[in-house]
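Below you'll find the structure, written out as structure tokens, and then a few comments.
The values are calculated or read from the model by the stated rules, or taken from the named source; none is laboratory data. Everything quoted here is computed from the prediction, not taken from an experiment. With ideal geometry, Cβ positions are generated from the backbone for all residues, glycine too; neighbour counts draw on all protein chains shown.
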Amino acid sequence: MSLLSGLYGRAARFRRAWYGRHPDRTRQLAQPVISVGNLVLGGSGKTPVVSTIARLLLAAGERPVILSRGYGRLRKADGVVVVSDGREVLAPTPQSGDEPQMLARALPGVPVLVSPDRYLAGCLAERTFGCTVHLLDDGFQHVQLARDINLLVVSKADLDERLLPSGRLREPLGAAAAADALLVSGGEEDAAAVAARLGAKPLFHMTPRYDQPRLVEPFGAPLPASVGRRTVAVAGIARPERFFAALRAEGWNVVEELVFRDHHRFTSRDLESIRRAAVDARADLVLATEKDAARLDSHVARARSGDGEPAWAFLPLQVGIEPTLAFAAWMNDQLSAARRDGPLQRTVQAALAGRVAQRPDPGEGGEAA
């Protein structure tokens, strides 16, 4: 496994270095692109960060659009799927994927588009929705598309991870040099450890906050006050232990934890198993993550049989980025710079850089070889 991880790391470095030497091979959208990504597989909080940034952009008068690859879609379609046009949700979870569905439901006013070709999705968004800025969800490794602001979500625990397949790292830690700013979960000590390891650059803190629970069906309705706090917790996400710990910290009496793999496609049999666990534990509530709720709602609508059944709800997660005013000011400065250096100028610069990169370089062939 260590040998495979070493080979994987060399391939990842080569890929990023190749695009760095050939900027003419990246595609450029007309409007600025903000990428939010990470270095590890799953469970870092990227999607709630995208939601937070979308709200900040809306408040600033921008017209953001979210571009996602739609990981885990059950029904994959060619081209671009418009999950939301900003007014209503147009595609169901099997067609959109759970995270785009979650964003589409949580962000009225923000179109959400899904495609493996996010340049194509961005072109459609510019023509159809008149967007002024693109938000690239899980985009740190999507180096085929040029970006103007590259945000890296990272935790102290990531520093101890190993490369795939023996660990969860998608790229070596050195890839963090490509980030414009770091969004760090944890306290001051965690932030200091991350900054010392990944290098000095703008650094902001992420602070998770859970809102009041909402019903899965009808989706988003407030949880009735009559429902108690004795609950069976369900998580089909990466790092489910963090969700369970957060529930207990919020004062919920978690009598049983049920874990499914990340992006799990719930079946009617799964729901019956969960319902039976709640009945056996005398729990009056099944509480899931917001991402799970996007995959549960159609099943719950069919499964509820009336009085005496446990309620099904989810706990919405929001992420604050602090210090908030400093982050907003930094984002504004970065966007202003991107707009001064418009798409035509950037395309010319990329072409010129590509010509320079094609000249023989006697220093090439070291780390990326």
Of Val279, Val300, the only residue that is modelled with pLDDT of 90 or more and outside the structural domain of Arg13 (by TED's automatic domain parsing) is Val279
Step by step: first the residues of segment 59-90, then only those that are within 25 Å of Ala238 (Cα to Cα) and modelled with pLDDT under 95, then the one that is surrounded by the most Cβ atoms within 10 Å (Cβ to Cβ). Which residue is that? Gly70
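Could you list, in sequence order, all residues of segment 151-161 that are surrounded by fewer than 20 Cβ atoms within 10 Å (Cβ to Cβ) and either hydrophobic (A, V, I, L, M, F, W, C) or in contact with a strand residue (DSSP E or B) (Cβ under 6 Å, 6 or more places away or on another chain) (or both)?
Ala157, Leu159, Glu161
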Only one residue in Arg265, Arg282, Arg209, Arg248 is among the charged types (D, E, K, R), part of a strand (DSSP E or B) and out of contact with any Phe, Trp or Tyr (no Cβ under 6 Å at 6 or more places or on another chain), so which one is that? Arg209
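With respect to Ile34, is the statement that it is in contact (Cβ under 8 Å) with a residue 24 or more places away in the chain, β-branched (Val, Ile, Thr), under 26 Å from His264 (Cβ atoms) and outside any helix (DSSP H, G or I) true?
Details: in contact (Cβ under 8 Å) with a residue 24 or more places away in the chain: yes; β-branched (Val, Ile, Thr): yes; under 26 Å from His264 (Cβ atoms): no; outside any helix (DSSP H, G or I): yes.
For Ile34, the condition - in contact (Cβ under 8 Å) with a residue 24 or more places away in the chain, β-branched (Val, Ile, Thr), under 26 Å from His264 (Cβ atoms) and outside any helix (DSSP H, G or I) - is not met.
Results for (1) within 30 Å of Ala281 (Cβ to Cβ); (2) of a type outside the set (D, E, K, R); (3) surrounded by 15 or more Cβ atoms within 10 Å (Cβ to Cβ), shown as yes or no for each residue.
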residue	(1), (2), (3)
Ala178	no, yes, yes
Ala192	no, yes, no
Pro222	yes, yes, no
Ala233	yes, yes, yes
Pro240	yes, yes, yes
Would you pick out the residues in segment 194-216 that are over 21 Å from the mean Cα position of the chain (by Cα) and surrounded by fewer than 17 Cβ atoms within 10 Å (Cβ to Cβ)? Ala195, Ala196, Arg197, Gly199, Ala200, Lys201, Gln212
Quick check: is even one residue across segment 198-208 of a type outside the set (Val, Ile, Thr), farther than 23 Å from Pro323 by Cβ and in contact (Cβ under 8 Å) with a residue 24 or more places away in the chain? no
Considering (1) in contact with a helix residue (DSSP H, G or I) (Cβ under 9 Å, 6 or more places away or on another chain); (2) in the same structural domain as Phe219 (by TED's automatic domain parsing); (3) not in a loop (DSSP other than H, G, I, E, B), say which one Met331 fails and leave the rest. (2)
